[in-house]
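**Q** A single structure is presented below for examination.
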Amino acid sequence: MDFESYDVLVVGGGLAGIRAAIAAVETNPRVKVGMVSKVYPMRSHTVSAEGGAAAALRPEDSYENHAFDTVKGSDYLADQDVVEAFVREAPIELIQMEHWGCPWSRDPDGKISARPFGGMTTWRTCFAADKTGFHMLHAVFQTSLKYPQITRHDEAFVTKLLVEDSRCVGVVALDMKTGRFDAITAKSVILATGGLGRTYAFTTNGNICTGDGMSLAYRAGVGLKDMEMVQFHPTGLPFTGILITEAVRGEGGYLLNNEGERFLKRYVPNKMELGPRDIISRAMMTEFEEGRGFEGPHGKYLHLDVRHLGEKVIDRKLPFMRELGREFVGIDIVKEPIPVRPVQHYMMGGIDADISGATPMAGLYAAGECANVGLNGANRLGSNSLSECLVFGAAAGRAAADYSSAAKPVTANPVDAILWDEARRVEVAYLEKKGGSERIGAIREEMQHEMDAGAGVFRTKEGLQKLIERLGGLRERFGRIKIEDTSKTFNTELTSAMELDFMLEISQTIAVSALAREESRGAHARRDFPQRNDEKYLKHSLVFSRDAAKPRLEYRDVHIENFKPQARTY
Amino acid sequence: MADKRITIQTTRYDPDKDEKPRLQSYEIPFYDDSMVVLDALNYIKSNVDGSLSYRWSCRMGICGSCGMMVNGTPKLSCSAFVRDYWPRPILVEPLNNFPVIRDLVIDMDDFMHKLKSIKPWIIRKQEIPLGAGEHRQTNEQIDDFRQFSECINCMLCYAACPVYGLNNEFLGPAAIALARRYNLDSRDQGLKQRLPVIADNEGVWECSFVGECSVVCPKGVDPAKAIQQSKLDTTMRFVLPYGNRD
């Protein structure tokens, strides 16, 4: 068993993680940075982001406008000091990405272009055609290769945080190629492991988005914040859940019901297709319930129509959408409308972290989708998340580098013991397990369908109670799983089982947090409590692990500055 | 639809147990017309045999994880539709020309080193400060390198390349296309630093211009063109007067 040691260890190789690694090195060139990821970094789910990254770069825009749009979009659950810092840093970060080679689409004068986006009052979403995440990820990853201080551990699956005297000092990771458990120690650790979409059946998220980092932090005693706030994107392809970018509407696409009506005029008359995601997703579900959806082989859907934009605009600005339509639906979006329906897309909630990415645990930081720094509140605006990965990835990288410069070195003894215990735990629980009968795939599928049904676009007390009960039953069955694969080499049945273990745990935190919030705010829509209740719930929820069945909940005031809560209408 | 079946034959190899790779056959339901080969593998893993190993993530042709040989052709398994093969069996094997770690999982460390060797980042004689804003670049200037920037590192081109198959020292299609991507970027001044690698014995001159790399690319990148253009770059270095060589 190896014993690597770093100053800063980043878990996750997506946009936030790589940005953090570079920031750590640029803060202090003597800092030794490790980056561990369960996939090669360019496979990270940032790659699937399409529409763009928001920043107030244009002269007609202002920090204040971007901040207000973000706070209003969050249904006032965003921390306004965090939003303020974000809007000021975002333009600098997008320029930095430009210097690092991101092929931003340009205006005729050669400057970075922007497009309209949902909930944004002006054009501030910068884009690289409709593959913005792909281009940003490859640019930042390829740039990271020039820093000799960064050492990667690709395809290493983190199973546990190393904690010594309430301080995070590294991770235990399974090297997938060899099956070996390693203690990778560090003076500080940054979690940047992305989202948890695979807890749902119908999601835009890739197979790797299993909430690992959230679960790792939660088990180590760190709170998870606003876990009831799950974003449903209005436009996913039926069956696969593949994301059709909001940029389709940003560029002028229409959402139509089965009467050919632009139905959003009845929901968000002033914004129409450029309304925020939570409200449009609810509008679409309402259209389905009232019989104005289309019926297809894979359930109900509506039409997203770009035919009036013309081939030239589509090929210039939305070429990937045309490709996805051709490949996965068998249609040419120049000639036919795209079938879409709301789909789980993003997690506003996450590891409790402050404006610099610091969690309450010494030495532990978090950034990107797995973190909740307080930027997105109850509903994230489209295109704020890529910018968030950069701004708060960089902040966490700087903070962790500074912390590590002053921190005590990690001692080998307790770490060694934890490593042995953890390797043994996994062997006993999975590899040496005898007599199990439950298939991982079956439990996972049931969990996903229960989450769709109980913690979807609309929620009720009964639905959430039932969900909690069902998740408890699935947890019990998980104790009787059957692992057929006992190989040391690239054992993806083992990693799938550990991912399912993570997902069962965080699904429960979503359900419990959602049940406790008896109001409707942003993405959290309770049919039994349809109004927002600022008096009682203008607060972040925090969920802590006590025992698996009964997590403990706390609430914390939202940081409000200039923007006082008001009715959220569009 | 309900009773249609499809046979998937796939490579199995576990170095802990097997001396060499073998084929295993699974007959599973062809349950939906939209089903792709990756769905078939996922069905097997979830319902029939949990030990089958392969990589995948985005299932939308952009993460580059799920490249495999499907009936002998390098494909992204997320974009290879079962209906295009049914009712005949589908043969799924690991990508050609790579060492196999397990089942359908290939070892791509070699590419990761090659990627780094071509210095795939913007190189400037002098960096401009962030405060000066962005470099001006027109969409037409981006068009010069756009297609080469679309590479998803899926390794299909390496699996298709007969030269790489014979000599894995060859830098290969994707790495050369990415070098070209930076060399053609109006913001970049690093051609001189990249030339030693691409003009090396194992660089562009190894290519015998079979062009299979461009045929199999799922993203419309034309690495063969990048290689031919780069050959010109490496010769121009010796032809141009000294002052024009930057």
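Computed from the coordinates by the stated procedures, all read-outs in this text should not be read as laboratory data. Because the structure is predicted, anything quoted here is derived from the model rather than measured. Cβ coordinates were reconstructed from backbone atoms using ideal geometry, including for glycine residues, and neighbour counts include every protein chain displayed.
**Q** Neighbouring Cβ atoms within 10 Å as the yardstick, rank A:Asp75, A:Asp452 fewest first.
**A** Ordered from fewest to most neighbouring Cβ atoms within 10 Å, A:Asp75, A:Asp452 come out as A:Asp452, A:Asp75.
**Q** Still on this model: Which far-off residues, 5 or more places away or on another chain, put their amide H under 5 Å from the one on A:Glu438, with H placed in the peptide plane?
**A** A:Ile481, A:Lys482
**Q** Okay, moving on. Quick one: Karplus J couplings for segment A:100-110, per residue in order, coefficients 6.51, -1.76, 1.60, θ = phi - 60°, nearest Hz, x for Gly and Pro?
**A** The phi angles translate into 8, x, 4, x, 4, 5, 10, 7, x, 7, x Hz.
**Q** Something else about it: Would you please classify the overall shape of the protein assembly as shown from the alpha carbon gyration tensor, given that a ≥ b ≥ c denote the square roots of the eigenvalues, rounded means a/c under 1.5, and beyond that prolate means a/b larger than b/c while oblate covers the rest?
**A** rounded
**Q** Arranged by the count of other C-beta atoms within 10 angstrom, fewest first, what order do A:Thr70, A:Thr460, A:Thr240, A:Thr492 take?
**A** Starting with the residue having the fewest Cβ neighbours, the order is A:Thr460, A:Thr240, A:Thr492, A:Thr70.
**Q** Which whole number gives the average count of other chain Cβ atoms within 10 Å of the Cβ atoms across peptide A:144-151?
**A** Neighbouring Cβ atoms belonging to other protein chains average 2 per residue here.
**Q** Between the alpha-carbon centers of segment A:2-59 and segment A:278-344, tell me the distance in whole angstrom.
**A** So the separation of the two Cα centres works out to 33 Å.
**Q** Using the Karplus curve 6.51 cos²θ - 1.76 cosθ + 1.60 with θ = phi - 60°, work out ³J(HN,Hα) for each residue of segment A:482-487 in order, rounded to whole Hz, and write x for Gly and Pro.
**A** 10, 10, 7, 9, 10, 5
**Q** While we're on this one: Please give the charge dipole size of the protein assembly as shown, origin at the Cα centre, charges +1 on K and R Cβ atoms and -1 on D and E Cβ atoms. Round to the nearest 20 debye.
**A** 360 debye
**Q** Please list, in order along segment A:118-125, the HN-Hα scalar couplings obtained from phi with the Karplus expression 6.51 cos²θ - 1.76 cosθ + 1.60 (θ = phi - 60°), rounded to whole Hz, x for Gly and Pro.
**A** Taking θ as phi minus 60°, the curve returns x, x, 8, 8, 8, 6, 9, 9 Hz for segment A:118-125.
**Q** Given a Förster radius of 60 Å and the C-beta distance between B:Asp18 and A:Arg262 as r, what FRET efficiency does 1/(1 + (r/R0)^6) yield to the nearest 0.05?
**A** 0.50
**Q** Return the average number of partner chain Cβ atoms within 10 angstrom of each residue Cβ along peptide B:128-135.
**A** If you average over the peptide's residues, the count of other-chain Cβ atoms is 5.
**Q** In segment A:252-298, which GluC sites (Glu not before Pro) are in a loop and have at most 11 other Cβ atoms within 10 Å, using DSSP for the loop call?
**A** When the GluC sites (Glu not before Pro) of segment A:252-298 are filtered for loop state and at most 11 Cβ neighbours within 10 Å, A:Glu259, A:Glu290 remain.
**Q** With springs only between Cα atoms under 10 Å, which of B:Ser214, B:Ser77, B:Ser51 fluctuates most in a Gaussian network model of chain B?
**A** B:Ser51
**Q** Can I ask one more? Which of rounded, prolate or oblate describes segment A:233-342 when judged by the alpha-carbon gyration tensor and an a/c cut-off of 1.5?
**A** Since a/c reaches 1.5 but b/c is at least a/b, the shape of segment A:233-342 is classed as oblate.
**Q** I've got another one for you. Given an 8 Å cut-off on Cα distances and at least 6 residues of separation, report the relative contact order of segment B:100-212 as a percent.
**A** 34 percent
**Q** Still on this structure, please answer the following. Non-local amide H neighbours of A:Ala525 (under 5 Å, H modeled in plane, Pro and chain starts lacking H): which ones?
**A** Those qualifying (amide H under 5 Å, at least 5 residues apart or on another chain) are A:Arg459.
**Q** Test of understanding: what is the full-extension gain from A:Asp332 to A:Gln465, defined as 0.36 nm times their sequence separation minus their Cα-Cα distance?
**A** 43.5 nm
**Q** Additional query: Amide H of A:Arg124: which non-local residues (sequence gap of 5 or more, or other chain) have their own amide H closer than 5 Å, using H built in the peptide plane?
**A** Hits under the 5 Å cutoff: A:Arg115, A:Phe117.
**Q** With a cut-off of 8 Å between alpha carbons and a minimum separation of six or more residues, what is the relative contact order of chain B in percent?
**A** 17 percent
**Q** If the elastic network links every pair of Cα atoms under 10 Å, which of B:Lys225, B:Lys114, B:Lys125 fluctuates the most in the Gaussian network model of chain B?
**A** B:Lys125
**Q** Pick from B:Ile152, B:Ile198, B:Ile227: which residue has the top mean-square fluctuation in a GNM of chain B where Cα pairs under 10 Å get a spring?
**A** It is B:Ile152.
**Q** To continue, here is another question. In terms of the Cα gyration tensor, with a ≥ b ≥ c the square roots of its eigenvalues, is segment A:130-203 rounded because a/c is under 1.5, prolate because a/b exceeds b/c, or oblate?
**A** oblate
**Q** Report, in whole Å, the centroid distance computed from the Cα atoms of segment A:232-269 and segment A:363-413.
**A** 33 Å
**Q** Let me ask something additional. Based only on other Cβ atoms within 10 Å, what is the fewest-to-most ordering of A:Leu553, A:Leu196, A:Leu324?
**A** In increasing order of surrounding Cβ atoms, one gets A:Leu553, A:Leu324, A:Leu196.
**Q** What average number of partner chain Cβ atoms lie no more than 10 Å from the Cβ of the residues making up A:102-111?
**A** Shielding by partners across A:102-111 averages 5.
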